[in-house]
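Only one structure is covered here, and it is reproduced in the block below.
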Amino acid sequence: MHAIALAAQDLTGVLGRPSQHDLLAARQMQAMSFTFHVPLVCFGIAFPAMVLFVEGLWLRTGDATYRDLARRWSKALVVLFAVGVVTGTILSFELGLLWPNFMATFGSVFGLAFGIEGFAFFTEAIFIAMYVYSWDRVGPRVHLAMGVPIALAGIVGSLMVISVNGWMNHPTGFTVSGAGVSDVHPWAALFNSHLPYELVHMYLAGYMVAGFVVAAVYARAMLRGRGDRYVRAALVVPLTAAALAAPAQVVVGDWAGRMVARDQTVKLAAMEGISRTQSDAPLHIGGIYENGAMHASVAIPGVLSLLAYHDVHAHVAGLDTVAPADRPPVNVVHLAFDAMVSIGTLLALLGIGWFVLAARRRLPRSPWFYRAVIAAAPLSLIALLAGWTTTEVGRQPWIAWQVMRTSDAVTSARGLPFAYAFLALVYIGLTIVAVWLLRRVAREEPTARMPSLPASVEAR
């Protein structure tokens, strides 16, 4: 790996090593775009499946409540897809404009993934249009079948993007020499060793975010006394999906942590503020890393060694294994990781609590449960973004782990602060338009409003 790193750095010098004073602005632009786009990816992964599930309930039961719910959700799906198209397009341009040396050097390695993602995007766009505008124009089963490619395309498209991110954390499938990248194996790069856990981790996060956000809308309606059948169904379906994903995410998170411990020891050290290599490494909860040590944290001896290597006495590599220039910003990574884990644990407990209450075959009566569901919506978004911060910032200063530095990949163009301000205005405008459209969809009255049923009958 060291030889590859040296060769890649030599190649970067051939391409023209930039002296970029606006590196921070470039990273902030990329981070802002991810902040807006990643939650939409979650809806692209999970929301189509929820819509199809509700439509399937209509076909199975003949209950028009489910038809109205699926129809309304499909309109929201179009709005979210349209906004995702804009933010995804911006991200695509940013990869080439902000990080030209990275794309010029390794585009042939992971370009296959972006090509497949493009086909998935066009497939999704075509079938979303067909699905939304064919209500009452084709048979119910044909209409349901037209929605299946939407769900599949969302999965395939996100898989390709996650594959590239996995490759950035563990580059493979190429050889670098002074003349350029050679001996490229795109399929090896596509199916890299970090893809499986990142894929499962992100898909579960998608169901958690989409499920809790949608459920929060109807939990708020329940608190306002709108407990009719439509609201109950709209609450139960996404909440159940999120409640299934949240506890499973804890198990997958352990898998992800052990992969990081194996391949990215410096990232693990930053996640827990481990300054020196040691056995019986402690787990730090909270605190600030300063002057080579954690301060004001709760340290539990041996737990990090146990979680990372399943051995309480295992050695954990510290930040002292690399030069200071090769270390990520510890406090950002550590606090983001703590936020992700703590929020994920709370959401898992909420999911388990939902199933315990659902076992009684009635919806909860306590308003505090619905308040917890409402709180879960922003918390799930925070956990999602904290997880991506841990992954991306924890990899720094490498854009491709131990192969190319971020400072070597960035553009030498000037004026990035002005571009950053303009991009912020674009995202503010998109947010206003999306909220306005979604509120219009929410105000539409369902055509098959039904009276409330007894809670026991509803649960069955």
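Data for the structure
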{"read-out": "Flag if residue 163 is surrounded by fewer than 20 Cβ atoms within 10 Å (Cβ to Cβ) and either touching a residue at least 24 places away in the same chain (Cβ under 8 Å) or in contact with a Phe, Trp or Tyr (Cβ under 8 Å, 6 or more places away or on another chain) (or both)", "value": "no"}
{"read-out": "Residue pairs meeting the criteria (Cβ under 9 Å; at least 6 apart or on separate chains; first at positive phi, in the range 299-328; second open to solvent by 80 Å² or more (accessible area, probe 1.4 Å) and not hydroxyl-bearing (Ser, Thr, Tyr))", "value": "302/313; 310/258"}
{"read-out": "Filter result (more than 30 Å from residue 359 (Cα to Cα), under 18 Å from the mean Cα position of the chain (by Cα) and not aliphatic (A, V, I, L, M)) within the range 237-286", "value": "257"}
{"read-out": "Every residue from the range 39-76 that is open to solvent by less than 10 Å² (accessible area, probe 1.4 Å) and β-branched (Val, Ile, Thr)", "value": "45, 51, 54, 65"}
{"read-out": "Members of the range 81-107 found to be open to solvent by less than 30 Å² (accessible area, probe 1.4 Å) and in contact (Cβ under 8 Å) with a residue 40 or more places away in the chain, listed by number", "value": "83, 84, 87, 88, 91, 94, 98, 99, 101, 102, 105, 106"}
{"read-out": "Spans of helices (runs of 4 or more DSSP H) in the range 193-304 with at least 1 residues surrounded by fewer than 18 Cβ atoms within 10 Å (Cβ to Cβ) and of a type in the set (Lys, Arg)", "value": "195-223, 229-263"}
{"read-out": "Residue list for the range 429-443, restricted to those being surrounded by 11 or more Cβ atoms within 10 Å (Cβ to Cβ) and among the β-branched types (Val, Ile, Thr)", "value": "431, 433, 435, 441"}
{"read-out": "So residue 111, is it under 21 Å from residue 29 (Cα atoms), more than 20 Å from the chain's Cα centre (by Cα) and not in a loop (DSSP other than H, G, I, E, B)", "value": "no"}
{"read-out": "Which numbered condition residue 322 fails, given (1) at pLDDT 85 or above; (2) closer than 25 Å to residue 252 by Cα; (3) among the hydrophobic types (A, V, I, L, M, F, W, C)", "value": "(2)"}
{"read-out": "Count of the range 305-329 residues which are of a type in the set (Gly, Ala, Ser), assigned to a loop (DSSP other than H, G, I, E, B) and either surrounded by 12 or more Cβ atoms within 10 Å (Cβ to Cβ) or in contact with a strand residue (DSSP E or B) (Cβ under 8 Å, 6 or more places away or on another chain) (or both)", "value": "3"}
{"read-out": "Some residue of the range 166-173 being surrounded by 20 or more Cβ atoms within 10 Å (Cβ to Cβ), closer than 25 Å to residue 56 by Cα, modelled with pLDDT under 90 and out of contact with any His (no Cβ under 7 Å at 6 or more places or on another chain)", "value": "no"}
{"read-out": "Enumeration of residues in the range 354-374 that are free of Cβ contacts under 8 Å to residues at least 12 places away in the same chain and assigned to a helix (DSSP H, G or I)", "value": "356, 368"}
{"read-out": "Pair list, Cβ < 9 Å and 6+ apart or interchain, from the range 218-245 residues that are without any contact (Cβ under 8 Å) to a residue 40 or more places away in the chain to residues that are basic (Lys, Arg) and open to solvent by less than 50 Å² (accessible area, probe 1.4 Å)", "value": "218/232"}
{"read-out": "Candidate set from the range 128-160 (those that are open to solvent by less than 30 Å² (accessible area, probe 1.4 Å) and in contact (Cβ under 8 Å) with a residue 60 or more places away in the chain); member that is farthest from residue 118 (Cα to Cα)", "value": "135"}
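The values are calculated or read from the model by the stated rules, or taken from the named source; none is laboratory data. Everything numeric here is computed off the predicted structure, so don't read it as measured data. Neighbour counts are summed over all protein chains in view; Cβ atoms, including those assigned to glycine, are modelled from backbone coordinates with ideal geometry. Protein only, heavy atoms only, side chains kept; ligands, DNA and RNA dropped before computing areas. Shrake-Rupley method; radii C 1.70, N 1.55, O 1.52, S 1.80 Å.
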